[in-house]
1. Among Leu14, Ile54, Asn2, which residue has its Cα positioned farthest towards the positive end of the charge dipole of the chain, with +1 placed on the Cβ of Lys and Arg, -1 on the Cβ of Asp and Glu, and the dipole taken about the Cα centre?
2. From the convex hull of the Cα coordinates of the chain, what is the mean projected area in square nanometres?
3. For labels at Ser19 and Thr67 in the simple 7 Å Cα→Cβ model, what's the distance in nm?
4. How big is the charge dipole of the chain about its Cα centre, in debye rounded to the nearest 20, if each Lys and Arg gets +1 on its Cβ and each Asp and Glu gets -1 on its Cβ?
5. Which stretch or stretches of the range 1-32 have amide N atoms under 15 Å from the point lying 7 Å from Glu52's Cα along the Cα→Cβ direction?
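No lab work stands behind these numbers, since they all come straight from the coordinates. Here the structure is a predicted model, which is why all the values come from computation and not from measurement. Here Cβ is always computed from backbone atoms with ideal geometry, including for glycine, and neighbour counts include all displayed protein chains.
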Amino acid sequence: MNLRDRVALNIQELRRARSLSQEELAHRADVSRGHMGKLENAKFAASLDLLERIAKALNVDPAELFTKR
């Protein structure tokens, strides 16, 4: 699994574990719902700044987005 796929899967799993919709997570991370969907499907690579905002919205350390689960 490449890093983009790992990050996408982790975002999706962490979001679901917190019972958040893509729309709610996108709002909290200040990104469009469409862009969030493409991130979760590994269609786009996120910048470090965006990953930091997503981690904050999920209330996790940014490193957790890269961790093998």
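1. Looking along the dipole axis, the top candidate is Asn2.
2. 3.9 nm²
3. The two pseudo-label positions are separated by 2.3 nm.
4. 180 debye
5. 29-30
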